[in-house]
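Visitor: Structure below; questions to follow.
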Amino acid sequence: MKKIFISVIIIAVLIFGFSQVKAASIVELQAQLKSLLNQLSVLQAKLASLQAGEQPSSCYPFSASLVSGQKGAEVSRLQTFLQQEGFAISADEVQAQYFGPSTKAAVITFQEKNRDEILLPAGLTRGTGVVGIYTRERINARMGCAIGSTMKFCSGFAGIVCPDGLECRLDGNYPDAGGHCVPKAETSTKVCTADVMQCPDGSYVSRVAPSCQFASCPVARNCMPRPACLDSNPRCLIAEPIGGWCPASSTSQVACSMDAKQCPDGSYVGRIPPNCEFAACPTTGGETKRSPSIVSPNSPKTLRSGEQLTISWNANGGQYFDVYYIKNGPTATWQKLWQNTAGSGSTIRSILWWATLSGSREFDVYRFKVCVAGTEYCAESSDVTVLNEGQ
């Protein structure tokens, strides 16, 4: 390709040069030849740059989403791009590198001007002012930063599915936030070396399931003999000392036959001194019902209508659960989503829910509750806001 391009240039130079021989002097021809050789050098340099696939030195693609209220260099670069595209930005916002109302208005106009590239793939009809996946791709293309590559995200509409061993890490908590596939966090299984520990007083304490930590040993108390109360002795009126009064001495000693007891889950519990009773065994679903604990969403979350939400919880020994939702509280009532469901998973259970909106509302706020089936042992999630817009 390079040789053909140079050959065409040289032929053009020769034809142009020879066509001028009759009407030009030797000095003029030499000047023209020098000028043409300089132009040829410039063209050769441009050709080499194109063949190497180089991008303009000023090209630095946008890779993170931007929303109203943010500040910094990325916002400043966005404002510069929008101004170059002919959009007006407030001088105060530019000086402060602040994503304010005029910057958001310019982004909305840019999104609607590039409707086919931004709004249509996202299933939207209006711009939102959020610089998300499709908006960034369009800006990068306009800047010439997308030559030879296409940015791939793992969230939102048309997002890719992460391969096995990778998980999607979002760059924000708003509709259609961009995400990238990253290695899953490693989980390790703990192997405990002992199920009981002997305390200084000779008693035993068991580990706190499911970790390898032990319960606290009984605390030795520095007590004082309780004063005798005879004839209204003033000593009876003094405050209880630090450490308390010593317990009354016993004339009989109790001999315990065992210092530890094995529980149904295989762990051991020690006795509670000074008697022969044992500490309670770790509870299981079949013995004592315990409330589940919410794993996700355990912090405020924002979705777009039509997106999928994973509701997950720690079963804490439970087998079957009822799942409820409440919308736009506090006067609303809980509605049942699933009844007597086991969910998927073992210790961590989960179900899928599709975000929906009520009629033409701009947003709804949901909260979920997971209960042990048929009981009041429940746990509530954080708020989930469903929007009728994205970017």
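The values are calculated or read from the model by the stated rules, or taken from the named source; none is laboratory data. Note that the coordinates shown come from a computational prediction; the quantities given were computed from them, not determined experimentally. Counting neighbours? That spans all protein chains shown, and the Cβs are built from the backbone with ideal geometry, glycine included.
Visitor: When only residues in region 94-123 that are closer than 18 Å to residue 66 by Cα and touching a residue at least 60 places away in the same chain (Cβ under 8 Å) count, which is surrounded by the fewest Cβ atoms within 10 Å (Cβ to Cβ)?
Guide: Ranking the qualifying residues of region 94-123, first place goes to 122.
Visitor: Looking only at region 130-142, which residues are outside any loop (DSSP other than H, G, I, E, B) and modelled with pLDDT of 85 or more?
Guide: 131, 134, 135, 136, 137, 138, 139, 140, 141, 142 - these are the residues of region 130-142 that are outside any loop (DSSP other than H, G, I, E, B) and modelled with pLDDT of 85 or more.
Visitor: While we're looking at this one, here's another question. In the list 347, 310, which residue meets the criterion of being at pLDDT 85 or above and either out of contact with any strand residue (DSSP E or B) (no Cβ under 6 Å at 6 or more places or on another chain) or closer than 30 Å to residue 365 by Cβ (or both)?
Guide: 310
Visitor: For region 67-103, which residues satisfy the criterion of being assigned to a loop (DSSP other than H, G, I, E, B) and under 13 Å from residue 129 (Cα atoms)?
Guide: 67, 68, 69, 70, 99, 100
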